[in-house]
Structure formats: structure tokens, C-alpha cells
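Notes for the one structure printed next.
The values are calculated or read from the model by the stated rules, or taken from the named source; none is laboratory data. Computed from a predicted model, the values in this text were never measured in an experiment. So basically every Cβ, Gly included, is an ideal-geometry build from the backbone, and we count neighbours across all protein chains shown. Accessible surface is based on the protein model in full, side chains and every heavy atom, while ligands, DNA and RNA are left aside. Shrake-Rupley method; radii C 1.70, N 1.55, O 1.52, S 1.80 Å.
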Amino acid sequence: MSIERIPMSQEGYEKLKADLNRMQNIEMIEVTKRIATARAHGDLSENAEYHAAREDQGMLQARIEALKDKLSRGFIVDRNHLPSETVAFGSRVVVKDLDLDEEETFVLVGPGDEDYNNNKILTSSPIGQGLMGKKQGEVVEIQVPMGKVRFEIRDISMPS
């Protein structure tokens, strides 16, 4: 069984590490204090504050574990060693939506760098996966949650 590696930029990796640190050393301590305060109010069987704080603790712990897993599988990608003629991690891809007759630009990034408002999408997203490895001029059909999209790849470059 092979472990799926997750490509990341150094900046994205550092951002995720900072998020993990904040969750473990600030948020978890706050939740633990809330549990202790609620426990001090007495009967735990009817103590809504206690149960809410315990639930928050469980959800936070799950987020921490997921982030630890992501970081453990992450590897830093050196953009200087990536192909420029095919779509790869870090590529800026200009596509033409063949159904809407509109151009769109995506930058394929790893966890920690995603910014959907600026079209920085994860390589693991449906569109990211559909574009990876493709060349300029190719037409791709990608299954997305709202159906299928058809893109013609117009340009591939590496952002500076």
C-alpha cells in the first residue's frame, strides 16, 4: 500500500504548520478551560455547556489529526524542476470554457496556498486533477459536482 503524497509549496507548508500550532497550543487550551469551567458547575448529565465543549474538543481534535496527516504526507515542490510544456504543480493555466465561450485562468497549488477567490485551486480538486499533465491545445472534459466542463488549454506558464 502506497501513501499518497501531497505536493506543497514551502509557504503553504509553513502556513499549515502555523495552523496546527495555533489549534494545538491556543484553541485546544481554550476548549479544555471551557470543559473545566463547565465541569465545575456540577451535574454533568444535564450540563449543556459541558457537552457542547466536549463536542467542540472532539471536532478540534479531528481537525488536528487531519492536518497532522496532511503535513506528514506533504512534500515541498521545487518549481524550478517542473516541466513547462505540461500542466504541473504551480502552473498558471489559461483555459477556454468551450460551453460558455469564456476564458479563465487557474493556478494549481497545494494545501495552504489555495485561494478560490483568486482561482488558486488545489491540484487534488476535480479541475486540478483534470488539467494535470495536459498540454497546450488539448481539450479536456472534466467531471465536476455541477456536471461536466470542457476546457481547451490555451496557455501554460509558471507564475513568478
(message) Quick check on segment 114-127. Is at least one of its residues among the aromatic types (F, W, Y) and either open to solvent by less than 70 Å² (accessible area, probe 1.4 Å) or in contact with an Asp or Glu (Cβ under 7 Å, 6 or more places away or on another chain) (or both)?
(response) no
(message) Criterion first (more than 30 Å from E30 (Cα to Cα), in a strand (DSSP E or B) and out of contact with any Asp or Glu (no Cβ under 6 Å at 6 or more places or on another chain)) does I153 satisfy it?
(response) no
(message) For the condition open to solvent by less than 30 Å² (accessible area, probe 1.4 Å), free of Cβ contacts under 8 Å to residues at least 40 places away in the same chain and of a type in the set (A, V, I, L, M), what is the one hit in L108, L131, L71?
(response) L108
(request) Report, ordered by the first and then the second residue, all pairs with beta carbons closer than 9 Å, sequence separation of six or more or different chains, a first member in segment 135-160 that is free of Cβ contacts under 8 Å to residues at least 12 places away in the same chain, and a second member that is surrounded by 15 or more Cβ atoms within 10 Å (Cβ to Cβ). (result) E141/G130; E141/V149; E141/F151; K148/I142
(message) When the residues of segment 74-105 are narrowed to those that are among the aliphatic types (A, V, I, L, M) and within 30 Å of Q24 (Cβ to Cβ), which ends up surrounded by the most Cβ atoms within 10 Å (Cβ to Cβ)?
(response) V77
(request) Could you check, for segment 13-32, whether at least one of its residues is basic (K, R) and in contact with a Leu (Cβ under 8 Å, 6 or more places away or on another chain)? (result) yes
(request) Report yes if some residue within segment 19-42 is under 30 Å from M158 (Cβ atoms) and open to solvent by less than 90 Å² (accessible area, probe 1.4 Å); otherwise report no. (result) yes
(request) Find all pairs meeting these conditions: Cβ atoms under 8 angstrom apart; at least six residues apart or on different chains; first residue within segment 14-32 and of a type in the set (A, V, I, L, M, F, W, C); second residue open to solvent by less than 80 Å² (accessible area, probe 1.4 Å) and not in a helix (DSSP H, G or I). (result) L16/M8; L16/G74; L16/P111; L16/G112
